[in-house]
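The values are calculated or read from the model by the stated rules, or taken from the named source; none is laboratory data. These numbers come from a predicted model, not from an experiment. Positions of Cβ are generated from backbone atoms using ideal geometry, with glycine treated the same way; all protein chains shown enter the neighbour counts.
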Amino acid sequence: MGVITLENEFPVAVAPAKLFKAYCLDTDTLLPKILPEHIKSSEIVEGNGGPGTIRKITFTEGKELSYAKQKIEAIDEENLTYTFSLIEANVWKARKHPPNQQNLSPFSVFCDLLKFQVIMGVITLENEFPVAVAPAKVFRAYCLEIDTLLPKILPEHIKSSEIIEGNGGPGTIRKITFVEGKELSYAKQKIEAIDEENLTCSFSLIEANVWKDEVEKVTYEHKFVPTPEGGCIVKRTSTYHIKGDAAHEINKDKINDVYGKKTAGLFKVIEAYFLANPDA
């Protein structure tokens, strides 16, 4: 049985303890979250996370590598070392001869996905915005009627909001154009999911004139939860996918302070609109 040995070094602008945690300990939750276009799921099928544990990674449809199983050989949190073996996959099964370095592409892609998934840093923020309006109304305004309502209630900030691709469902692309003089002149959103029955919606900021070199995309997940008083709490999870060489330039507290306050202000404007127009 021939043996091919490869050695690689991957520079990452993230502290080693964080990188170890993401790559070795939190991989089951992190991989599908930051690489949804490649990885469908990651789960332990045997063991408790220590040596001997078997993990199955399922890739999205259309990939040459549809699944892979890893066996954890060793893990040392104190010294930040980790070893696993690829023990099963849907590629190479029928080959009579071991692959050469030139046709290692499926395995290389697999390893690159796992090893580079933390080069792009992730910042996650949780916010709650109280609104003294029924959740269904706030959901309708924020998720369904945003194109007509935003320019109407925020004319000093927003010039226009329009769908440029799609029909309003998942996959739809919306462009928001801001008035002149704003730091943010335009932004494009992609609707990821929308559920009118459960009052949830999520979208990604996929393009804007700011942060082009720092941020890959930002995903916002919203849930509109009723309160006993007849209003609601808008619970939002914001996930910033930061490009690796810009990780040190993005300040989580500043993002939360600036954009958290702006979003809180937006929901207060929506609240004021409905309180002044109860039949709207």
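Among the residues of region 148-165, what is the count of those that are charged (D, E, K, R) and in contact with a strand residue (DSSP E or B) (Cβ under 8 Å, 6 or more places away or on another chain)?
Step one: list which residues in region 148-165 are charged (D, E, K, R), which gives 152, 156, 159, 162, 165.
Right, trim to in contact with a strand residue (DSSP E or B) (Cβ under 8 Å, 6 or more places away or on another chain) and you get 159, 162, 165.
Of the residues in that region, 3 qualify.
Please pick out the residue among Val179, Val210 that is in contact (Cβ under 8 Å) with a residue 12 or more places away in the chain and closer than 21 Å to Tyr273 by Cα. Working first, answer last.
On the way: Val210 fails: closer than 21 Å to Tyr273 by Cα.
After ruling out the rest, the residue left standing is Val179.
Being in a loop (DSSP other than H, G, I, E, B) and at pLDDT 85 or above is the filter; apply it to region 58-95 and report the residue that is farthest from Ala15 (Cα to Cα).
Pass one, region 58-95, residues in a loop (DSSP other than H, G, I, E, B): 60-66, 77-80, 90-95.
Cutting the leftovers down to at pLDDT 85 or above gives us 60-61, 66, 77-80.
Numbers: Thr60: 30, Glu61: 33, Ser66: 32, Glu77: 14, Glu78: 14, Asn79: 14, Leu80: 11 Å.
The selected residue is Glu61.
Would you point out the residue of region 218-234, among those that are surrounded by 13 or more Cβ atoms within 10 Å (Cβ to Cβ) and not hydrophobic (A, V, I, L, M, F, W, C), that is nearest to Leu275 (Cα to Cα)?
Filtering region 218-234 for residues that are surrounded by 13 or more Cβ atoms within 10 Å (Cβ to Cβ) and not hydrophobic (A, V, I, L, M, F, W, C), the one nearest to Leu275 (Cα to Cα) comes out as Gly231.
Quick one: which of Thr53, Thr58, Thr29 is within 19 Å of the chain's Cα centre (by Cα) and more than 23 Å from Gly121 (Cβ to Cβ)? Lay out the reasoning, then the answer.
Numbers: Thr53 fails: within 19 Å of the chain's Cα centre (by Cα); Thr29 fails: more than 23 Å from Gly121 (Cβ to Cβ).
The unique qualifying residue is Thr58.
Any idea which residue in region 258-267 is surrounded by the most Cβ atoms within 10 Å (Cβ to Cβ), counting only those that are without any contact (Cβ under 8 Å) to a residue 24 or more places away in the chain and over 16 Å from Pro155 (Cβ atoms)? Don't jump to the end; show me each part of the working.
The initial filter retains those residues of region 258-267 that are without any contact (Cβ under 8 Å) to a residue 24 or more places away in the chain, namely 258-259, 261-262, 265.
Checking which are over 16 Å from Pro155 (Cβ atoms) leaves us with 258-259, 261-262.
Working: Val258: 11, Tyr259: 15, Lys261: 11, Lys262: 11.
The selected residue is Tyr259.
Consider region 192-220. How many of its residues are assigned to a strand (DSSP E or B) and touching a Phe, Trp or Tyr at 6+ places or on another chain (Cβ under 9 Å)? Even if it seems obvious, please write down each step before you answer.
So in region 192-220, the residues assigned to a strand (DSSP E or B) come out as 192-195, 200-208, 215-220.
When the remaining residues are screened for being touching a Phe, Trp or Tyr at 6+ places or on another chain (Cβ under 9 Å), the result is 192-194, 200-205, 207-208, 215-220.
Total satisfying the criteria: 17.
Are any of the residues in region 232-251 among the aliphatic types (A, V, I, L, M) and modelled with pLDDT of 95 or more? Can you show your working first?
Looking only at region 232-251, we keep the residues that are among the aliphatic types (A, V, I, L, M), and these are 233-234, 242, 246-247, 250.
Now narrow it down to the ones that are modelled with pLDDT of 95 or more: 233-234.
Within region 232-251, one or more residues are among the aliphatic types (A, V, I, L, M) and modelled with pLDDT of 95 or more.
Output the residue which, of all residues in region 177-217 that are in contact with a Ser or Thr (Cβ under 7 Å, 6 or more places away or on another chain) and over 19 Å from Tyr240 (Cα atoms), is surrounded by the fewest Cβ atoms within 10 Å (Cβ to Cβ).
By that ranking, first place goes to Thr177.
Please work out which residue is surrounded by the most Cβ atoms within 10 Å (Cβ to Cβ), limiting yourself to region 68-87 and to residues that are free of Cβ contacts under 8 Å to residues at least 24 places away in the same chain and under 13 Å from Val45 (Cα atoms).
Selected residue: Gln70.
Do we find a residue being at pLDDT 70 or above, touching a strand residue (DSSP E or B) at 6+ places or on another chain (Cβ under 7 Å) and either over 25 Å from Val210 (Cβ atoms) or hydrophobic (A, V, I, L, M, F, W, C) (or both) anywhere in region 140-147?
Checked region 140-147: at least one residue is at pLDDT 70 or above, touching a strand residue (DSSP E or B) at 6+ places or on another chain (Cβ under 7 Å) and either over 25 Å from Val210 (Cβ atoms) or hydrophobic (A, V, I, L, M, F, W, C) (or both).
With the structure loaded, tell me whether Gly171 is closer than 30 Å to Tyr23 by Cα, touching a strand residue (DSSP E or B) at 6+ places or on another chain (Cβ under 7 Å), touching a residue at least 60 places away in the same chain (Cβ under 8 Å) and not hydroxyl-bearing (Ser, Thr, Tyr) or whether it fails that test. Explain how you work it out, then say what you get.
Working: closer than 30 Å to Tyr23 by Cα: yes; touching a strand residue (DSSP E or B) at 6+ places or on another chain (Cβ under 7 Å): yes; touching a residue at least 60 places away in the same chain (Cβ under 8 Å): no; not hydroxyl-bearing (Ser, Thr, Tyr): yes.
Answer is no for this residue.
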